[in-house]
Amino acid sequence: MISNIHTHSTFCDGHDTPEALVQTALDKGLIALGFSGHSYTPFDSYAGMTPEIVTLYRAEVRRLQRVYADRISIYLGIEQDLDSDLDDLDWEYRIGSVHFIKRGPSYYPIDAHPDNIHEMLDTLYDGQILPMVEEYCGRVLGMFETMRPDIIGHFDLYRKFNDKQHYLDETDARYQDLVCDTLQTLVRKGVLLEVNLGGMANGYTLEPYPSVSLLRFLQKEKARLIITTDCHRAPYLDYHYNETVALLQQLGFPSMVVMGRNGFEEVPL
Ligand SMILES: [Zn+2]
Ligand SMILES: [Zn+2]
């Protein structure tokens, strides 16, 4: 029972049209496909959909819902950045994500390029990573309170370049305490966290977001998880999905959340 609700198309920074993605989803036997175009961030023209494009995106996904209604469940969602203005549109779900650290009028991207991370650390944090992680965690918590997204996107996105750039010691007890406290707070508020495979699909990370050590903690906390591929290219729509189901089983998760034919459902593992 494979589905994916974190999918980017040519309406934002994805490589394929929504219809090509639906065709691939059918070929791969997905039961449901959710589109999650990037929300509009006026300070960053790279990934976000302008309000005009949002209108076209919504119309196209609605059209595909009608055309493919008897073959696959298609959902109209958005990946809402914390620093985007919240709209009042009727999305079927929202993934809430933090992609930037904000300082005054400046936005520092977390996942754009390794140089940005180093520039941010030097400019804002005297080269130290833990204060940056602390601020990021605060932003994720704040996002949950203000946005109430259905899903929290790529929790530890700041790890994206760490496997090659080594700016963070993930075994540091202070780091583990900081992020585990944040995760515990989120879990106790009942959030749904994604296990995001996008960093792995693109060859940046060896582990999903959140990392395996954080997943171990989340298992003890009885967290609710949904696997997503953060797909930007159709062939990766189901990237590493079955392996990640096996990982969650191995870590002792009794169940996970899947987007099915009638919305989110809990399935045993
Ligand atoms: Zn994202
Ligand atoms: Zn995404």
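Structure data summary
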read-out: Test: residue in region 165-175 that is among the β-branched types (Val, Ile, Thr), more than 13 Å from the chain's Cα centre (by Cα) and within 16 Å of ligand 1 (Cβ to nearest atom); value: no
read-out: Residue in region 81-88 that is within 16 Å of ligand 1 (Cβ to nearest atom), within 21 Å of residue 12 (Cβ to Cβ), modelled with pLDDT of 95 or more and part of a strand (DSSP E or B) present; value: yes
read-out: Yes/no for residue 162 being out of contact with any Ser or Thr (no Cβ under 7 Å at 6 or more places or on another chain) and closer than 27 Å to residue 128 by Cα; value: yes
read-out: Conditions (1) of a type in the set (A, V, I, L, M, F, W, C); (2) closer than 22 Å to residue 245 by Cα; (3) not in a helix (DSSP H, G or I); number of the one not met by residue 214; value: (3)
read-out: So residue 78, is it at pLDDT 95 or above, more than 22 Å from residue 204 (Cα to Cα), hydrophobic (A, V, I, L, M, F, W, C) and away from ligand 2 (no atom under 15 Å from the Cβ); value: no
read-out: Residue identified as touching a Lys or Arg at 6+ places or on another chain (Cβ under 7 Å) and surrounded by 13 or more Cβ atoms within 10 Å (Cβ to Cβ) among 87, 81, 16, 44; value: 16
read-out: Filtered residues of region 93-106 (kept if surrounded by 18 or more Cβ atoms within 10 Å (Cβ to Cβ) and part of a strand (DSSP E or B)); value: 93, 94, 95, 96, 97, 100, 101
read-out: 3 or more residues farther than 18 Å from residue 226 by Cβ: qualifying helices (runs of 4 or more DSSP H) within region 132-201; value: 162-165, 173-188
read-out: Number of the condition not met by residue 33 [criteria: (1) in a loop (DSSP other than H, G, I, E, B); (2) modelled with pLDDT of 95 or more; (3) surrounded by 13 or more Cβ atoms within 10 Å (Cβ to Cβ)]; value: (1)
read-out: Flag for residue 67 being β-branched (Val, Ile, Thr) and under 18 Å from residue 22 (Cβ atoms); value: yes
read-out: When residues of region 23-32 are limited to those that are of a type in the set (A, V, I, L, M, F, W, C) and touching a residue at least 60 places away in the same chain (Cβ under 8 Å), the one farthest from ligand 2 (Cβ to nearest atom); value: 31
read-out: Evaluation of residue 190 against (1) surrounded by fewer than 20 Cβ atoms within 10 Å (Cβ to Cβ); (2) of a type outside the set (S, T, N, Q); (3) touching a Phe, Trp or Tyr at 6+ places or on another chain (Cβ under 6 Å) (one fails), failing number; value: (3)
read-out: Some residue of region 64-74 being out of contact with any Lys or Arg (no Cβ under 7 Å at 6 or more places or on another chain), of a type in the set (Gly, Ala, Ser) and crowded, with 22+ Cβ neighbours inside 10 Å; value: no
read-out: Boolean, residue 111 is within 14 Å of ligand 1 (Cβ to nearest atom), touching a Ser or Thr at 6+ places or on another chain (Cβ under 8 Å) and part of a loop (DSSP other than H, G, I, E, B); value: no
read-out: Which listed residue, of 139, 159, is out of contact with any helix residue (DSSP H, G or I) (no Cβ under 9 Å at 6 or more places or on another chain), among the charged types (D, E, K, R) and either over 27 Å from residue 244 (Cα atoms) or touching a residue at least 24 places away in the same chain (Cβ under 8 Å) (or both); value: 139
read-out: Residue list for region 36-59, restricted to those being among the aromatic types (Phe, Trp, Tyr), assigned to a loop (DSSP other than H, G, I, E, B) and free of Cβ contacts under 8 Å to residues at least 60 places away in the same chain; value: 40
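The values are calculated or read from the model by the stated rules, or taken from the named source; none is laboratory data. None of these values were measured; they are calculated from a predicted model. All Cβ positions, even for glycine, are placed from backbone atoms using ideal geometry, and neighbour counts span all protein chains on display.
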